[in-house]
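Below you'll find the structure, written out as structure tokens, and then a few comments.
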Amino acid sequence: MVTGWSGWTAVCLLMGLQQSGGQGVKCFTRFNSASGGCENLLGDVELDDCCMNINYAYTGPDGACLSCGLPTWSKWSPWGRCSVPCKEGVAFRKRRCDGQGICPSDKLGTLQMQPCKVTDCCPEESVWAEWGAWETCSSMCDRQGTRLRHRSCSAKKGACSTKCEGSSVERGPCSVEVPCPVDGQWSNWDGWQPCSSLCVQEGTSLPTRTRLRSCTAPSPSTHTTPLGTPCSGPGTETEDCHGLPYCPVHGAWGAWAPWQACSVTCGVGVQKQGRVCDSPAPKHRGNPCPGSNSQSRMCKTHIYCPVNGQWDSWSEWTKCENKNPKEDRTCHPKIYGYHTRERDCQYTAHNGSACQGDTFETRACFNIDDCDFESNISEWGEWGPCTLPCQVNHRGQPIKTERKRERTCDLDMSKYPESIGKNKQEPGFWGVPYVNCTKDFSQKEPCQNVPACPLDEKNL
């Protein structure tokens, strides 16, 4: 059922943005709910124009990305690193409230903590022995060579022992005091000298160019035994100049085409225009036209985008009523009735589509109010997250950081049918039965190595 109040909720949300005045923001066409970031920048625009589309987002004065949509909790972040490098500690995770307004309360908050364990024990480091003596040098003359020396690792025994960090071999420079012969080496080629002509004349030979090098990198030694070997090969190189161009014709832009239509029919979009490099077109290796062949600008439609309806939560089931109230159906597994529940379609605005589905729902049911039942005790559930640190009670005293797990006292429903009625539908149950449960249904234990207060980013 779509109510007038629900429709006004979205309208008031958007009107609240309009009342923010002419606040200038950077407007984006997409809000990334996973990272909390803005994507696809449109440009600078007023806040109320940007948020005419609730799928858009914007950045405020502090640079943070804000969604134009309805308030929604983000997914929990991955659990952070453990508070200790070994044995048991705690880890944290966070979430955000994205959108305009306050997210629905689910008592989970924006921060959670749980125990973590990196290893069962803390490691013991192994120790290197002293370095051994240097080995013989690899060079037989005063040209630099290398020599080696070794060391061994005295490893600790145990499951958490670590290996020695570093290498068991060390290399060092060395030389022998005997002069080495130096062979001549060519220097790098000098740069090519200019071609004899900048353009190719048809019917003539190609222009040439020359480059030089010298035997000085290094020069061959003349005071060693044996003498250094001179450089082999020529010190001059000449080649033809290939690929010389005709005289170039540089390109110039034609006139801009008219602006295209706006990319959207509501909110803020983009429109483009283009031009062609044909006045004239570049020829014979002439330079292309400088700049871009297209440009864009923002366009405002001044029309709100549709806001589609969203279902509110179902109401509680009404009391289970028998079709024939004269029959005594109290605690009877063969006599059933019917009850209903309903929900509202909220937030529809600006010709948005209504919610899909039924507003009312009816199902068959059994009234088990004050009935006696046998009980089945469930297995213990998983341990929940730790309560957050740095909390105090109403007297200002610190609250212990701990976690708990629970089990339930379930009713024995074996005497009731799994389906009833002509359509063989699964029945519901209404009322508070009486069941005798005397065991403990909650356990608690403390969380270990909780960071000290106050918390800061390095704790998380």
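The values are calculated or read from the model by the stated rules, or taken from the named source; none is laboratory data. What you see is a predicted model, and the numbers here were worked out from it, not measured in a lab. Please note: Cβ atoms are built from the backbone with ideal geometry, for glycine as well, and neighbour counts cover all protein chains shown.
Listing for the model above:
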item: Some residue of region 306-324 being free of Cβ contacts under 8 Å to residues at least 24 places away in the same chain and among the basic types (K, R); result: yes
item: All positions within region 129-154 that are part of a strand (DSSP E or B) and farther than 13 Å from R171 by Cβ; result: C153, S154
item: Counted residues, region 264-313 - those being surrounded by 13 or more Cβ atoms within 10 Å (Cβ to Cβ) and in contact with a His (Cβ under 7 Å, 6 or more places away or on another chain); result: 6
item: Residue ID - farthest from the chain's Cα centre (by Cα), chosen from residues in region 155-173 that are assigned to a strand (DSSP E or B) and at pLDDT 85 or above; result: P173
item: Verdict on K439 being loosely packed, with under 12 Cβ neighbours inside 10 Å and more than 26 Å from W317 (Cα to Cα); result: yes
item: Condition check for E374: modelled with pLDDT of 85 or more, surrounded by 11 or more Cβ atoms within 10 Å (Cβ to Cβ) and in contact with a Ser or Thr (Cβ under 9 Å, 6 or more places away or on another chain); result: no
item: Test: R363 is among the basic types (K, R) and touching a residue at least 60 places away in the same chain (Cβ under 8 Å); result: yes
item: Those residues of region 415-449 which are within 14 Å of C365 (Cα to Cα) and aromatic (F, W, Y), in sequence order; result: Y416, F429, W430
